[in-house]
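The structure appears below as structure tokens.
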Amino acid sequence: MKGAGILLVFLLTPMTGMASDSAAVTPAEAYCKWKMVDYGVPEPLCGLQGDAGRGRRIVLDSGQGNCLACHRLPVDGVEGYGTIGPPLAGVASRLTRAQLRLRVVDARHLNPYSIMPGYYPDLALINRPAVKYRGRAFLPAQAVEDVIAYLATLK
Amino acid sequence: MTGPRILPWALGLIVALLANNAWADRQAKSGYAYLREETRQMQDDEFENPGYLAVDKGQELFRRRPDSGRSCASCHGQEGAKLDAKRLARYPVYDKSMGGIVRLQDRIRNCQEQRARTKALPYHDPDLLALETFVRHLAAGEAVNVQTDGSMASLLKKGEAIYRTRFGLIDMSCAHCHEMYTGQYIRGQRISQGMGNGFPAYRLDTGEMANLDLCIKQCLTLMRAEPFMPDSEESRLLGAYIMSRSNGLRIETPAVRY
């Protein structure tokens, strides 16, 4: 953000998804219970198969995964990433799929104070969800599996 | 013989601890400290800062006579000079006769009903925000000075409990961002301590004015949580607690905030 011209553009096109919640509401779906084993979730949610290509789009989409809000990712051309979580380059070399899955579905099992949102937590743990999101996890099970498939490519 | 040799090291250690950033970050800092340089310049320039449009609009409304014949200015002076800046800096206040915590917006609405004998403006109405902006701006430069003892003490504790509670699908508390990760970046935006001294402020994100209550509502909506109603007890408790955290910071209304 340098110079008045860029500032003006910045003012006229505020970054979406900060004060307003413009994300599309996905239809509610049946919740699949998952089980933590050795600080991981070895079984895919609802037995679904993830797709890395779709997962990459979900990860980058501020209305879906919004991972860049907090993490840096090995993706070109992204300026507005966050520095709250660890960078995710090489994350698949450090963690197994099962470990990645636990971190995505509910990282509070590893750290109860974690700022990381649970993308597929026990729905009973969600406090005061907005009416239009009631009965939904942050992401549908298929989207979570797509994200895992993408993260698993970050070796 | 070791005493004199250790002394410089010990002094050095103390200096290093005092200069430590983690220690410094626990001191209350205005959101101004976390702004980009361009945004600071925008706030500081009365002609560039869109918040001054709200100040002007607020002054116009302050002077406007409703059918009842009594404007705010009838009692408080054309420039609001009869309002005491030190008392404005105390808001939100505890007022037993009004049932507990009273925010500046509550006081204005109460005045509209009881003194001007008109209908109170709805919460978050742009005209009410403009009036609040004009009145709070009269105390610009004063240090925020929310009461923390007496009847307020237990209420602020309740407000703090809300501050530390996770909300919504995104499942974060105020404390997560504004205490644990202050100074870090979220989508390229620097996270402030979430102080209240600049509010009502012009928000770059929405392109509109927001008072502290509206900003909290916008945060909760962002968390995909059901926001508190503007006249709810939770809204007052949380707002009062956040403003009490800002005690000692200079009022910057109208600030420019992301």
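The values are calculated or read from the model by the stated rules, or taken from the named source; none is laboratory data. All values derive from a computational prediction rather than experimental measurement. Using ideal geometry, Cβ is built from the backbone for each residue, glycine included, and neighbour counts are taken over all protein chains shown. What goes into the accessible areas is simple: the full protein's heavy atoms, side chains included, and nothing from ligands, DNA or RNA. Shrake-Rupley method; radii C 1.70, N 1.55, O 1.52, S 1.80 Å.
State all residues of the stretch A:66-85 that are open to solvent by 70 Å² or more (accessible area, probe 1.4 Å) and away from every other protein chain (no Cβ under 12 Å); if no residue qualifies, say none. Break it down into steps so the answer makes sense when it comes.
So the first thing to find is which residues in the stretch A:66-85 are open to solvent by 70 Å² or more (accessible area, probe 1.4 Å), and the list is A:72, A:74, A:76-77, A:79.
Selection gives A:PRO74, A:ASP76, A:GLY77.
So in the stretch B:223-257, with the set limited to residues that are facing chain A (nearest Cβ under 10 Å) and crowded, with 20+ Cβ neighbours inside 10 Å, which one is nearest to B:ILE108 (Cα to Cα)?
B:PHE228
Go through the stretch A:92-115 and count every residue that is in a loop (DSSP other than H, G, I, E, B) and surrounded by fewer than 20 Cβ atoms within 10 Å (Cβ to Cβ).
In the first step, residues of the stretch A:92-115 are kept if they are in a loop (DSSP other than H, G, I, E, B); the result is A:95-96, A:110-115.
Narrowing further to those that are surrounded by fewer than 20 Cβ atoms within 10 Å (Cβ to Cβ): A:95-96, A:110-114.
Selection size over the stretch A:92-115: 7.
With the checklist (1) under 18 Å from A:CYS32 (Cα atoms); (2) within 10 Å of another protein chain (Cβ to nearest Cβ); (3) part of a loop (DSSP other than H, G, I, E, B) in hand, flag the one item A:GLY135 doesn't pass.
(2)
On the basis of being assigned to a loop (DSSP other than H, G, I, E, B) and at the interface with chain A (Cβ under 9 Å from one of its Cβ atoms), does B:THR118 make the cut? Full working, then the answer.
Working: assigned to a loop (DSSP other than H, G, I, E, B): yes; at the interface with chain A (Cβ under 9 Å from one of its Cβ atoms): no.
No; evaluated as a whole, the condition is false for this residue.
Given the structure, is A:ALA89 in contact with a Pro (Cβ under 7 Å, 6 or more places away or on another chain) and outside any helix (DSSP H, G or I)?
On the way: in contact with a Pro (Cβ under 7 Å, 6 or more places away or on another chain): yes; outside any helix (DSSP H, G or I): yes.
Against the criterion (in contact with a Pro (Cβ under 7 Å, 6 or more places away or on another chain) and outside any helix (DSSP H, G or I)), A:ALA89 qualifies.
Output the number of residues of the stretch B:200-210 satisfying the condition of being within 14 Å of another protein chain (Cβ to nearest Cβ), open to solvent by less than 20 Å² (accessible area, probe 1.4 Å) and not aliphatic (A, V, I, L, M). Even if it seems obvious, please write down each step before you answer.
Applying the first criterion (within 14 Å of another protein chain (Cβ to nearest Cβ)) to the stretch B:200-210 yields B:201-210.
Subsequent filtering for residues that are open to solvent by less than 20 Å² (accessible area, probe 1.4 Å) retains B:201, B:204-205, B:210.
Restricting the remaining residues to those that are not aliphatic (A, V, I, L, M) gives B:205.
Looking only at that region, the number is 1.
Mind checking which residues of the stretch B:159-209 are part of a strand (DSSP E or B) and either on the phi > 0 side of the Ramachandran plot or without any contact (Cβ under 8 Å) to a residue 60 or more places away in the chain (or both)? Break it down stepwise before answering.
The initial filter retains those residues of the stretch B:159-209 that are part of a strand (DSSP E or B), namely B:167, B:172, B:185-186, B:189-190, B:201-203, B:208-209.
Passing the criteria: B:PHE167, B:MET172, B:TYR185, B:ILE186, B:ARG203.
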